[in-house]
Amino acid sequence: MAMLTLRLSDELNERLDWLAQRSGRTKSHFVKKMIAQSIEDMEDQVLGELAIKELLAGPPDDRETVPWEQVKAELREQELADRSNAKSNKRSKESRSGTKKSSNTKN
C-alpha cells in the first residue's frame, strides 16, 4: 500500500479531527473514502468529456451508424415485448395465487 503525505489547513484538520472523534473512525478512513469518491467523480467527468469530443468529431469511418428511424422502431419493438412479458408474468402470478386459494377453500 502506498503512503501519501499532504498538508491541510488548520481548519480542515480540525474538521477532520472532529469527524474522526465523533464517529470513532480514523482520519485516514475518511481521507481514503473522500479520495476514492472524488476520483470516481473525476473519472466520470473525464469519460463524459471524452465521449462528447468523440461525438463532436463524428463517427469514425470504420464504425457502423444506424439511422434514427431504425433505432426508434427497434425501441418500440422492445417496449412492446417488455409489456407483453410483464402481462404474461402477471397472469402467471395470478393463476398461481388462484390455484393456492382454491386448494385452501372448503367445499
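No lab work stands behind these numbers, since they all come straight from the coordinates. Please read these numbers as outputs of a predicted model, since none were measured by experiment. Neighbour counts run over all protein chains shown; Cβ positions are idealised from the backbone, glycine included.
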Worksheet item: Across region 63-75, in residue order, what do the Karplus-derived ³J(HN,Hα) couplings come to in whole Hz, using 6.51 cos²θ - 1.76 cosθ + 1.60 with θ = phi - 60° and x for Gly and Pro?
Response: 9, 6, 10, 10, x, 4, 4, 5, 4, 4, 4, 5, 5
Fill in: Per residue convex hull volume, Cα atoms of the chain, in Å³
326
Worksheet entry | Set of aspartates and glutamates with alpha-carbon distance to residue 90 below 17 Å, sequence-local pairs under 8 removed | 79, 82
Fill in: FRET E, pair residue 12, residue 46, Förster distance 30 Å, beta-carbon r, rounded to 0.05
0.75
Practice prompt. Mind checking which aspartates and glutamates have their Cα closer than 15 Å to the Cα of residue 27? Skip sequence neighbours fewer than 8 apart in that chain.
Written response: 10, 11, 14, 17
Discussion item. Apply the Karplus curve 6.51 cos²θ - 1.76 cosθ + 1.60, θ = phi - 60°, to the phi angles in region 41-48 and return the couplings in whole Hz, x for Gly and Pro.
Written reply: 4, 5, 4, 4, 5, 5, 4, x
Worksheet, complete the sentence: Given a Förster distance of 35 Å, the FRET efficiency implied by the Cβ-Cβ spacing of residue 3 and residue 92, rounded to the nearest 0.05, works out to 0.05
